[in-house]
Amino acid sequence: MAQEAEIRKALAARLPPSVVVDAVTPSPIEGLYEVRSGTSVFYADRHGDYIVRGEILDTRTQMNLTEARIAKLSNLAFASLPIQDAVVSMRGRGTRKLAVFADPECPYCKQLEATLRGRDDVTVYTFLMPILGPGSMEKAKAIWCAEDRGAAWDAWMREGKLPAARPDCDTSALDRNLALRNKHSIRGTPTLVFENGTRTSGALGALQLERELAEFGSMHKP
């Protein structure tokens with residue numbers, strides 16, 4: 001513990017304030033320590049005099065240990081998500097569950113939505129995350145304030161149609177979504193979170209999405 005504390009103290013004094021050291025733990029390599037900052041990982045020597053940015057590969061198993069570690073750190077407990085702050089869309093029975101962090105102005109989100117429309121037996125929780133400029137926030141507010149949020153989101157994604165703005169509507173959920181984004185270092189859209197906590201990014205194609213829903217998302221037997 002003393003060694004970890006020494007490294008943490010040295011890095012706090014020498015690295016930019018924007019780099020917050022959350023944890024220091026021994027790495028699989030003797031004398032090298034893993035430093036975690038959010039979902040990022042780098043390495044330091046035992047005194048914090050040197051840092052190494054890169055990956056550790058186990059030549060015996062061909063496993064990328066750094067990649068595996070980051071994947072584990074990126075996991076987000078599905079049950080902890082505040083689904084009351086999401087736009088909910090059910091396809092079929094909706095027994096499988098998927099959370100998507102999306103920006104109304106994001107073209108890749110539109111691609112993903114087109115793919116999701118072809119899925120069945122899934123409930124999608126879309127957390128509006130307006131990060132691409134003022135226009136994103138205006139559109140997110142209009143969608144969130146619609147009488148039927150799911151229909152409004154679908155109409156915007158399909159046809160570019162927005163409901164009329166409602167200035168008296170409570171849009172604090174969008175602020176909470178942005179805070180959630182910062183807490184879990186969600187940097188881009190779309191970001192998908194499956195039921196087992198696995199997180200991935202990008203407009204997945206139909207085959208990959210179905211494969212990952214089957215592997216990571218189905219917590220129920222048909």
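For this structure, a couple of remarks:
- The sole residue among 130, 104 that is over 13 Å from residue 89 (Cβ atoms) and in contact with a Phe, Trp or Tyr (Cβ under 9 Å, 6 or more places away or on another chain) is 104.
- When residue 200 is tested against the conditions (1) assigned to a loop (DSSP other than H, G, I, E, B); (2) touching a Leu at 6+ places or on another chain (Cβ under 6 Å), the lone failure is (1).
Every residue, every condition in (1) touching a residue at least 12 places away in the same chain (Cβ under 8 Å); (2) touching a Leu at 6+ places or on another chain (Cβ under 9 Å); (3) surrounded by 16 or more Cβ atoms within 10 Å (Cβ to Cβ), yes or no:
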residue: 11; (1), (2), (3): yes, no, yes
residue: 25; (1), (2), (3): yes, no, no
residue: 50; (1), (2), (3): no, no, no
residue: 69; (1), (2), (3): yes, no, yes
residue: 77; (1), (2), (3): yes, no, no
residue: 85; (1), (2), (3): yes, yes, yes
residue: 95; (1), (2), (3): yes, no, no
residue: 110; (1), (2), (3): yes, no, yes
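- Verdict on residue 218 being at pLDDT below 90, more than 15 Å from the chain's Cα centre (by Cα) and hydroxyl-bearing (Ser, Thr, Tyr): yes
- Boolean, residue 59 is polar (S, T, N, Q) and surrounded by 11 or more Cβ atoms within 10 Å (Cβ to Cβ): no
- Pairs, first more than 20 Å from residue 157 (Cβ to Cβ) and among the β-branched types (Val, Ile, Thr) in the range 187-201, second crowded, with 18+ Cβ neighbours inside 10 Å and modelled with pLDDT of 90 or more, C-beta under 9 Å, six or more apart: 198/192
- If you go through the range 158-173 and keep only what is under 15 Å from residue 85 (Cα atoms) and without any contact (Cβ under 8 Å) to a residue 60 or more places away in the chain, you end up with 169, 170, 171, 172.
- Conditions (1) over 12 Å from the mean Cα position of the chain (by Cα); (2) surrounded by fewer than 14 Cβ atoms within 10 Å (Cβ to Cβ): number failed by residue 136: (2)
- Of the criteria (1) crowded, with 21+ Cβ neighbours inside 10 Å; (2) modelled with pLDDT of 95 or more, which one residue 142 fails: (1)
- Candidate set from the range 172-195 (those that are of a type in the set (S, T, N, Q) and at pLDDT 90 or above); member that is nearest to the chain's Cα centre (by Cα): 191
- Selection status of residue 192, out of contact with any Pro (no Cβ under 8 Å at 6 or more places or on another chain), surrounded by 19 or more Cβ atoms within 10 Å (Cβ to Cβ) and either hydrophobic (A, V, I, L, M, F, W, C) or at positive phi (or both): yes
- Selection status of residue 199, under 16 Å from the mean Cα position of the chain (by Cα) and assigned by TED's automatic domain parsing to the domain that holds residue 98: yes
- Check on residue 155, touching a Lys or Arg at 6+ places or on another chain (Cβ under 9 Å), free of Cβ contacts under 8 Å to residues at least 12 places away in the same chain and not in a loop (DSSP other than H, G, I, E, B): yes
- Strands (runs of 3 or more DSSP E) within the range 27-123 that include 2 or more residues in the same structural domain as residue 16 (by TED's automatic domain parsing) and at pLDDT 95 or above: 32-37, 40-45
The values are calculated or read from the model by the stated rules, or taken from the named source; none is laboratory data. Quick caveat, the model's predicted, so the values are computed rather than measured. Don't worry about glycine lacking a Cβ; one is built from the backbone with ideal geometry, like all the others, and counts go over all protein chains shown.
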